[in-house]
Amino acid sequence: MSLLEAIRGAFGLLLSGDAALWRIIWISLKTSLIGLALATPPAVMLGYAIAAHRFRGRRIAIWLAQAALSLPTVLIGLLLYLMLSRAGPLGGLNWLFSQPGVVAGQFVIAMPVLVAFTLTAVQAADPRYAETAIAHGAGDWRLMATVLHEVRFGVMAAIISGFGRVISEVGCALMVGGNIAGETRTITTAIALETSKGEFSQGIALGMVLVAIALLMNGALMLLQGDAHMARGHT
C-alpha cells in the first residue's frame, strides 16, 4: 500500500464513522480524562504544599518532583504490572488488563506533571498575595485557595500538559491494559499494533486524531498564556 492510498484510507475511516476506530478514540479519551481528573486535586495540593512551606528535605522533594517528569512510562507500566498482577500487593483488585488498570496508569503518569507545574507556578507567584491573605486572617485552606486562584493559569496549563502526556503515552497502557480490542486498546497502542500488521490506514487515522488533540492542547495553552499576560497587565 502506497502512502497516498494509506492516507486516503485513513480519511475514509474517519469520515465513515468506523465503529472500531471511534471505540478506540473513546477509550483513550475516557481513561485519560478519568485518570487526569483523579490525579488533579491531590497533585495540585501536593505541588502547593511543597512550594509554600519550608520543611526539612524540601529541596529533595522539589528535586524528586522535577525528576519524576523524566520517568519512562514503560517503567511506570512495569511497576504497576508487578503491583496489579496476581502475586502483587494489589492483585485482589483485578485491574490488570482492564480499563481501571489503564486509568491507574494514567493517574500515576499525570501526577508528576501536575505536581511539578503547580510547584513552579506557586513559586513564581507574587508573595504579596499570600501576605495579604494572612493579614486578613485567612486560614490554611483559605490561603491555599487564594494563592491557587492567583496562579490559576499555571494550574490550568499543568492540567492541559498532563492530559497531553497521558493520552499520548504507549508503554504503560500497553503493559497494564494489554491492548484488548474494545476494552483497553487506546490510540497509541492501536497505532503500534496496526503498524506492525501493515494496516497503515487505521494507524494514520489515529495519528491524525492525536495530532488534532495536540493542536487543540497547544491552542488552549496559547489562549491561557494570552489571558495570563492580560491579567498581569491589568494588575
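How much length, in nm to one decimal, is gained on full extension between I7 and L223, taken as 0.36 nm per residue of separation minus their Cα-Cα distance?
74.6 nm
Ignoring ligands, DNA and RNA, what accessible area per residue does the chain give at 1.4 Å, in Å²?
55
Note the full-extension length gain between L64 and M45 as 0.36 nm times their separation in residues minus their Cα-Cα distance, in nm to one decimal.
5.2 nm
Find the all-direction average of the projected area of the Cα convex hull for region 50-142, expressing the result in square nanometres with one decimal place.
On the way: hull surface 32.8 nm².
Taking the Cα atoms of region 50-142, their convex hull projects to 8.2 nm² on average.
So what is the 222 nm mean residue ellipticity for the chain from helices alone, if each DSSP H run of at least 4 adds -39500 (n - 2.57) and you divide by all residues, rounding to the nearest 500 deg cm²/dmol?
-25500 deg cm²/dmol
[x] 7, 30, 32, 19, 9, 2, 0; [y] 8, 27, 29, 21, 11, 4, 0; [z] 8, 34, 37, 18, 4, 0: which one is P(r) over Cα pairs in 10 Å bins from 0, in percent as calculated from this entry?
[y]
Collect residues whose amide H, placed 1.01 Å from N in the peptide plane, falls under 5 Å from the amide H of T184; neighbours closer than 5 in sequence don't count.
Hits under the 5 Å cutoff: none.
Taking θ = phi - 60°, what integer Hz values does the Karplus form 6.51 cos²θ - 1.76 cosθ + 1.60 yield along region 37-49, in sequence order, with x for Gly and Pro?
Result, ordered by residue: 5, 6, 7, 4, x, x, 5, 5, 5, 5, x, 5, 4 Hz.
Return the carbon/sulfur percentage of the accessible area of the chain, one whole number, probe 1.4 Å, all protein chains in place.
69
Which order, highest average first, do 177-186, 50-59 follow once you tally other Cβ atoms within 10 Å for each residue and take the mean per peptide?
Numbers: 177-186: 18.4, 50-59: 12.0.
Packing order, densest peptide first, comes out as 177-186, 50-59.
Any chance you could run the full-extension gain for A20 through V211? It's 0.36 nm times the residue separation minus the Cα-Cα distance, nm to one decimal.
On the way: separation 191, 0.36 × 191 = 68.76 nm, distance 1.93 nm.
That pair, A20 and V211, stretches by 66.8 nm at full extension.
Could you tell me how far the Cα centroid of region 185-201 sits from the Cα centroid of region 16-52, in Å?
Going from one Cα centre to the other spans 21 Å.
Through the Karplus equation 6.51 cos²θ - 1.76 cosθ + 1.60, θ set to phi - 60°, convert the phi angles of region 78-90 into ³J(HN,Hα) values in whole Hz; use x for Gly and Pro.
5, 5, 5, 4, 5, 6, 8, 5, 4, 7, x, x, 10
The values are calculated or read from the model by the stated rules, or taken from the named source; none is laboratory data. Keep in mind that what you see is a predicted model, and the values were worked out from it rather than measured. Methodologically, a virtual Cβ is constructed for each residue, glycine included, from the backbone with ideal geometry; neighbour enumeration extends over all protein chains shown. Side chains included, ligands, DNA and RNA excluded: accessible areas come from the protein's heavy atoms. Shrake-Rupley method; radii C 1.70, N 1.55, O 1.52, S 1.80 Å.
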